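These notes are about the structure you will find just below.
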Amino acid sequence: MSRTMLTRSHAVNCASNLRQIGMATIMYASDHAMSLPVTTHQRRAGGLSWTLSLQPYASGTITFKCADDEEKNRPYTYLINDFLTPNPAGAPDLDFSRLSKIQRPERTFLFAEASATYLNSDHFHLSDYHGHSVPPAAFAEQVAVQRHGGKSNFLFTDGHVETLSWEEVQLRISNTGSHFFDPTNAQ
Ligand SMILES: [Zn+2]
Ligand SMILES: [Zn+2]
C-alpha cells in the first residue's frame, strides 16, 4: 500500500472505532436512564470510567486506539468531552450528562482524539472555557487536530462521526454559539 493509501485507511479505521464507541454509548445510555458514561472523576460516586463501562456493550470488541496515535504506550486515544459529564471541574454547576439535556446532539462532540502529549486522563478539560471560545493553541494541546493529514475524527453525541480539518475545527471553537464543545446556549 502506498503511504497515502495507508494514511487514508488509518483515518477510516479511526472513524469506525469512534462510530463503534458511539453505538456502545447509545446502548449504555438506554440501560442507564439515558445518561452518558462517566469518567474516573465519578469513581467516588460509584461510577465506572467509560474505559471500562462501554466495552461490555460491544462484546469487548471496541478499539480504543487510533493506529496513527503517536503515543504507542497509552491504552486509549479517544477521550470524552468533560462538558458531557456530571459537574465538570471547570463548570461544576453544569450537568449535561443526560442525553435529554443536550439540545443539539448532532453539533456537540462526545469523543475526539487526544493529542500526543495529553496523557493520564480519560477526558478532556474543556469546561474551563465555558461561555468562551477556546484559543486554538489550547485546544490543540488537548485534541489531536491534524493527526490524519491535517484532519482528525470527532464522534458527535447523536452517534455520527465527522473527519474535520483543523481549519474547520478552528471556526467551530471560535464560535461560542456553535455548540461544538460547549452544549450550553452561551452566545
Ligand atoms: Zn485517528
Ligand atoms: Zn479532570
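Write out, first by first residue and then by second, each pair whose Cβ atoms fall under 7 Å of each other, whose residues are 6+ apart or on separate chains, and whose first residue, in segment 55-68, is under 16 Å from Asp122 (Cβ atoms) while the second is of a type in the set (Lys, Arg) and at pLDDT 95 or above.
Matching pairs, first to second residue: Cys66/Arg147.
Of the numbered conditions (1) over 28 Å from Tyr28 (Cα atoms); (2) among the aliphatic types (A, V, I, L, M); (3) surrounded by 22 or more Cβ atoms within 10 Å (Cβ to Cβ), Ala140 satisfies every one except a single condition; which is it?
Tallying (1) over 28 Å from Tyr28 (Cα atoms); (2) among the aliphatic types (A, V, I, L, M); (3) surrounded by 22 or more Cβ atoms within 10 Å (Cβ to Cβ), Ala140 fails exactly one: (3).
How many residues are away from ligand 1 (no atom under 16 Å from the Cβ), touching a helix residue (DSSP H, G or I) at 6+ places or on another chain (Cβ under 8 Å) and either of a type in the set (Gly, Ala, Ser) or under 17 Å from Glu113 (Cα atoms) (or both) if we restrict to segment 55-74?
Number satisfying all stated conditions: 1.
Cβ-Cβ distance below 7 Å, separation of 6 or more or different chains: which pairs start in segment 7-19 with a residue that is in contact (Cβ under 8 Å) with a residue 24 or more places away in the chain and end on one that is more than 8 Å from ligand 1 (Cβ to nearest atom) and among the polar types (S, T, N, Q)?
That search, which allows pairs on different chains as well, returns Ala11/Thr163; Ala15/Thr163; Asn17/Thr63.
Within segment 128-159, can you find the residues that are assigned to a loop (DSSP other than H, G, I, E, B), at pLDDT 95 or above, more than 16 Å from ligand 1 (Cβ to nearest atom) and over 15 Å from Asn81 (Cβ atoms)?
Scanning segment 128-159 gives a single hit, Pro135.
Within the bounds of segment 78-86, is there any residue that is part of a helix (DSSP H, G or I), within 13 Å of ligand 1 (Cβ to nearest atom) and either of a type in the set (Val, Ile, Thr) or surrounded by 15 or more Cβ atoms within 10 Å (Cβ to Cβ) (or both)?
No.
Under the condition of being in a loop (DSSP other than H, G, I, E, B) and within 14 Å of ligand 2 (Cβ to nearest atom), which residue from segment 38-75 is modelled with the lowest pLDDT?
The residue in question is Gly47.
Look through Ala29, Ala15, Ala91 and report the one residue that is in a loop (DSSP other than H, G, I, E, B), of a type outside the set (S, T, N, Q) and either more than 15 Å from ligand 2 (Cβ to nearest atom) or surrounded by 14 or more Cβ atoms within 10 Å (Cβ to Cβ) (or both).
Residue meeting the stated conditions: Ala91.
Return the residues of segment 101-116 that are among the polar types (S, T, N, Q) and either at pLDDT 95 or above or crowded, with 24+ Cβ neighbours inside 10 Å (or both); say none if nothing qualifies.
Answer for segment 101-116, where residues must be among the polar types (S, T, N, Q) and either at pLDDT 95 or above or crowded, with 24+ Cβ neighbours inside 10 Å (or both): Thr108, Ser115.
The values are calculated or read from the model by the stated rules, or taken from the named source; none is laboratory data. No experiment lies behind these values; they were computed from the predicted model shown. Note that we place each Cβ from the backbone using ideal geometry, even for glycine, and neighbour counts take in every protein chain shown.
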